[in-house]
Amino acid sequence: MRPAGTVTDPYLDGTCSWWNLSEASPELQEAVADGWLPTHGRVLDVGCGLGSEIGWLAELGYSGVGIDLSVAACTQAQARFPTALFFPADLRQLPFLDQTFDVALDRGCFHYLPEPDRSKYERELRRVLKPGGRLLLRASLHAAEVRNDISEEVIRSTFDGWTVRALARQKIPSDTRQLEVLVVRLERI
């Protein structure tokens, strides 16, 4: 048990094993295989963690950038996947020019955002994605094993100005468990 008020980095204390997947996720592999993602382009992975997804895409020839609040996660990801670029940044204030990316990935950030920050997240992703850009969002229905407020309605409301190409409840793997999520394919208009 941690003392009250103590904050540790989940990438230093092992907590990340709850959500980390050491390889590209099946839902990302499916989005590439079925042609929903373009065959090349610039990809932003928000909350990249240890970099498995953006690293895999970089190995396929995509130009990849991963951001995370955790310096430890970015350092470990960069060592593991030198063909991508990783650095700490806040997804509510992305340090990129408008219309920089073709694709954005999120496998674990949106569901941690408090409701007032979700519109900042949406605006920032809309800003940095090119028109027609794609967002593959996996929003967990639980955070720290507690049911949160994420629902189909929350997704549709937050991304009101986007085209929802697919929205389904699924179980996706981490290295240690199955996570109940909404897998969402969104397109920036």
Result of the Cβ filter at 6 Å on the range 35-50, keeping first residues that are touching a residue at least 24 places away in the same chain (Cβ under 8 Å) and partners that are among the polar types (S, T, N, Q) and assigned to a loop (DSSP other than H, G, I, E, B), at least 6 apart or interchain, is G49/N20; L50/N20
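Out of everything in the range 128-162 that is acidic (D, E) and either touching a Pro at 6+ places or on another chain (Cβ under 7 Å) or outside any helix (DSSP H, G or I) (or both), what residue ends up being surrounded by the fewest Cβ atoms within 10 Å (Cβ to Cβ)?
E145
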Members of the range 130-144 that are more than 16 Å from R177 (Cα to Cα) and within 17 Å of the chain's Cα centre (by Cα): G133, R134, L135, L136, L137
Looking across the range 57-74 at residues that are touching a Leu at 6+ places or on another chain (Cβ under 7 Å) and farther than 19 Å from Y112 by Cβ, the single one that is modelled with the lowest pLDDT is G64
Just a yes or no: is a residue in the range 65-72 assigned to a helix (DSSP H, G or I) and in contact (Cβ under 8 Å) with a residue 40 or more places away in the chain? yes
The correct count of residues that are among the charged types (D, E, K, R) and touching a Leu at 6+ places or on another chain (Cβ under 7 Å) in the range 115-145 is 2
So which residues in the range 94-112 are of a type outside the set (A, V, I, L, M, F, W, C) and closer than 16 Å to S25 by Cα, if there are any at all? D106, R107, G108
Starting from residues that are of a type in the set (D, E, K, R), modelled with pLDDT of 95 or more and outside any helix (DSSP H, G or I), keep the ones in the range 1-36 and report whichever is nearest to V184 (Cα to Cα). D34
Which one is nearest to the chain's Cα centre (by Cα) among residues in the range 104-127 that are surrounded by 23 or more Cβ atoms within 10 Å (Cβ to Cβ) and among the aliphatic types (A, V, I, L, M)? L105
Filter result for the condition that a residue is in contact with a helix residue (DSSP H, G or I) (Cβ under 8 Å, 6 or more places away or on another chain), under 21 Å from T8 (Cα atoms) and at pLDDT 95 or above, over A84, A89, A104, A77: A77
Pick from R169, R165: which is touching a residue at least 60 places away in the same chain (Cβ under 8 Å), more than 21 Å from I67 (Cα to Cα), part of a strand (DSSP E or B) and more than 16 Å from the chain's Cα centre (by Cα)? R165
Within the bounds of the range 167-179, is there any residue that is surrounded by 12 or more Cβ atoms within 10 Å (Cβ to Cβ) and small (G, A, S)? yes
Any chance the range 62-73 includes a residue that's over 20 Å from L136 (Cα atoms) and surrounded by fewer than 19 Cβ atoms within 10 Å (Cβ to Cβ)? yes
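The values are calculated or read from the model by the stated rules, or taken from the named source; none is laboratory data. Since the structure is predicted, the reported quantities are computational estimates derived from the model, not experimental observations. Cβ coordinates were reconstructed from backbone atoms using ideal geometry, including for glycine residues, and neighbour counts include every protein chain displayed.
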